[in-house]
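The values are calculated or read from the model by the stated rules, or taken from the named source; none is laboratory data. Bear in mind that the values here come from a model prediction, so they are computed numbers and not experimental data. Methodologically, a virtual Cβ is constructed for each residue, glycine included, from the backbone with ideal geometry; neighbour enumeration extends over all protein chains shown. Heavy atoms of the whole protein, side chains included, go into the accessibility calculation; ligands, DNA and RNA do not. Shrake-Rupley method; radii C 1.70, N 1.55, O 1.52, S 1.80 Å.
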Amino acid sequence: MTPRARTNQLLYQAELLITTTVADDEDATSRKMALEESALALMELALESHLKEVTEHARLVEYRWPLLLAADGPAVAELQRLRDLAADVDSWLGWLIFQLERLHSSEGASKRPTHNPSMIALGSQAAFADEMLACINSAKNEIAALRETSEEW
């Protein structure tokens, strides 16, 4: 399988997981959290597959995102574009990296919902699944643009 096909496959699988309907039973919250973190892990794999895909012309030996997207990472135009995007906390990549760092911490990325009746819910707080879907859709758009740039090489 090519890196491009693998990237597409991983994005599709992440989307499938995050849109899976969870049965309303005693394990619903745990199952939902497992699906969210699984989709996030697939997004990490998709990011690394995409990095490999758009840097094939540079013949890099390492494709882990923390190394390639670091400020002192390889001087490749596509990577610089992604570094700039990662620096924007409001971008899909900024959100993804923040969530990946949480996923790799002992805290985890998925949270149990708080059911405190005295708390006021904020309408602007989107559900993790909604944020993840927005991230996936924005990633697809950015990936398409980066593929065009990479193909020019």
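Residue-by-condition table, conditions (1) assigned to a helix (DSSP H, G or I); (2) within 19 Å of ARG102 (Cα to Cα); (3) out of contact with any Lys or Arg (no Cβ under 7 Å at 6 or more places or on another chain):
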position: ALA41; (1), (2), (3): yes, yes, yes
position: LEU45; (1), (2), (3): yes, yes, yes
position: SER49; (1), (2), (3): yes, no, no
position: LYS52; (1), (2), (3): yes, no, yes
position: HIS57; (1), (2), (3): yes, no, yes
position: TYR63; (1), (2), (3): no, no, no
position: PRO66; (1), (2), (3): yes, yes, yes
position: ASP72; (1), (2), (3): no, no, yes
position: ASP84; (1), (2), (3): yes, no, yes
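Identify the residue in segment 38-67 that is among the aliphatic types (A, V, I, L, M) and more than 20 Å from GLU148 (Cα to Cα) and, among all such residues, is modelled with the lowest pLDDT. In this case the residue turns out to be VAL61. Is it fair to say THR29 is closer than 18 Å to ASP130 by Cβ, touching a residue at least 24 places away in the same chain (Cβ under 8 Å) and not aliphatic (A, V, I, L, M)? Yes, satisfied.
Pick from segment 55-79 the residues that are out of contact with any Asp or Glu (no Cβ under 6 Å at 6 or more places or on another chain) and under 16 Å from ILE143 (Cβ atoms): which of them is most open to solvent (accessible area, probe 1.4 Å)? Among residues in segment 55-79 that are out of contact with any Asp or Glu (no Cβ under 6 Å at 6 or more places or on another chain) and under 16 Å from ILE143 (Cβ atoms), the one most open to solvent (accessible area, probe 1.4 Å) is GLU56.
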